[in-house]
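Trainee: Below you will find the structure I want to go over with you.
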Amino acid sequence: MNGSMTFRRNASSLNQMPTLQYESNRSDLPRRYVHHLVEEAVADYTRNVPASESEHVSFVVQSNSLSKRYGEVLAVDDLSFNIESGTITGFLGPNGAGKSTTLRMLLGLAKPTSGHATLFGKPYDQLETPALRVGAVLEATDFHPGRSGRDHLRMLSRAVGLPDARVDEVLSLVELQDAAKRRVKGYSLGMRQRLGLAAALLGDPDLLVLDEPANGLDPEGVRWLRDFLRDFASGGRTVLVSSHVLAEVAQTVDQVLIINHGRLVTESTLENLTARVGGAVRVRSSHLQQLAEALEREGILTTISDEALVAQGTTRERVGDIAFATGVPIYELVTEGSSLEEIFLDLTSEEARP
């Protein structure tokens, strides 16, 4: 069969299949033959795809030995952590611990002195459409006071090519639709927090990065924020939220990163952290003595008082598994003991310096 036929592979992103361009000087080739050649070309690409394109991104956020120095001040010191998708991570520390500086480095707003950070496997400034992958709120003051809330969001949406209709959608999501036409200078701090969150949601991102988002919110607003973040993460998306008001994140986060003096103090699930620092599990059952014996065989200290058993230094999951294996019915299984505030103060009371 005379003539020539070539397939060219166009440049493609990590998230897109390549475009195969078919060129031929023959117009009489059977369609079935052309289809066969296309299938072979796609199979060839799949076999020879570069490792960087086929590699699965294990973590949404990765910090690798991040450090940031301002003159003589070491704001962040060799900070490493990983965050998986579909989780809400509380980024905790006292004021001046380095939380905001770390978030700025993650988002490419500050250059690390050493180390590096990636979002979805790449530095932020190398993401193809960062505004559609990452939504961030670092300050609730980045608004023109003379613009309305809707006009502020329209300006941002048009800058990234989003339709105006998306503005009304996010205003409804954060329950600001009734104040959309008001000038921002008349907004309360809590309303500005909601407007900042609306801006972060414009691109329908996979990752939210929020710095002290509960500032200025009343108790009802804090509960709304907690429910909103839970719903956001339930779809497999990820939240990194910083705070020094620990009670606000205790009922929201899956895991915590606690830093002090720019260094990582602990990285743990909230429940494991509570147990490790002296938490306990209270159990109500009709067979407390039988359960106590089973727990003590597993090396768990117990006490029985007021028709309840308290197991020291363990988790609800482990107590529940032992009770199930022993055949003991459980009426109540509650983690108690150290509060998150007590844990935080305990972990940050000592100098977190080398």
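The values are calculated or read from the model by the stated rules, or taken from the named source; none is laboratory data. Since this is a predicted model, take the numbers as computed values, not measurements. In this analysis, Cβ positions are derived from the backbone assuming ideal geometry, glycine residues included, and neighbour counts consider all displayed protein chains. To get the accessible areas, we keep the full protein, side chains included, count just its heavy atoms, and leave off ligands, DNA and RNA. Shrake-Rupley method; radii C 1.70, N 1.55, O 1.52, S 1.80 Å.
Trainee: Carbon and sulfur: what percent of the stretch 85-227's accessible surface (1.4 Å probe)?
Mentor: Answer for the stretch 85-227: carbon and sulfur cover 47 percent of the accessible area.
Trainee: Further question: Which of Gly98, Ala75, Tyr124 sits farthest toward the positive end of the charge dipole of the stretch 58-124, with +1 on the Cβ of Lys and Arg and -1 on the Cβ of Asp and Glu?
Mentor: Tyr124
Trainee: Once the whole set of protein chains is in place, how much accessible area is left on Glu220, using a 1.4 Å probe, in Å² to the nearest 10?
Mentor: Answer for Glu220: close to 130 Å² accessible.
Trainee: Compute the FRET efficiency between Asp306 and Arg223 as 1/(1 + (r/R0)^6), taking r as their Cβ-Cβ distance and R0 = 35 Å, and round to the nearest 0.05.
Mentor: 0.65
Trainee: While we're here: With a cut-off of 8 Å between alpha carbons and a minimum separation of six or more residues, what is the relative contact order of the stretch 286-347 in percent?
Mentor: After rounding, I find 30 percent.
Trainee: Gap in Å between the Cα centre of the stretch 173-209 and the Cα centre of the stretch 114-172?
Mentor: 11
Trainee: Among Gly186, Val167, Leu201, which residue has its Cα furthest toward the positive end of the charge dipole of the stretch 147-214, with +1 on Lys/Arg Cβ and -1 on Asp/Glu Cβ?
Mentor: Positive-end residue among those listed: Gly186.
Trainee: Multiplying the sequence separation of Glu317 and Arg284 by 0.36 nm and subtracting their Cα-Cα distance, what value in nm do you get?
Mentor: Extra length available between Glu317 and Arg284 comes to 10.4 nm.
Trainee: Still on this structure, please answer the following. Roll a 1.4 Å probe over the protein heavy atoms and report the accessible area of Asp306 in Å², nearest 10.
Mentor: Probe radius 1.4 Å; accessible area of Asp306 about 150 Å².
Trainee: So if I place +1 on the C-beta of Lys and Arg and -1 on the C-beta of Asp and Glu, and nothing else carries charge, what would the dipole magnitude of the stretch 248-320 be about its Cα centre? I want it in debye, nearest 20.
Mentor: Value, rounded to 20: 120 debye.
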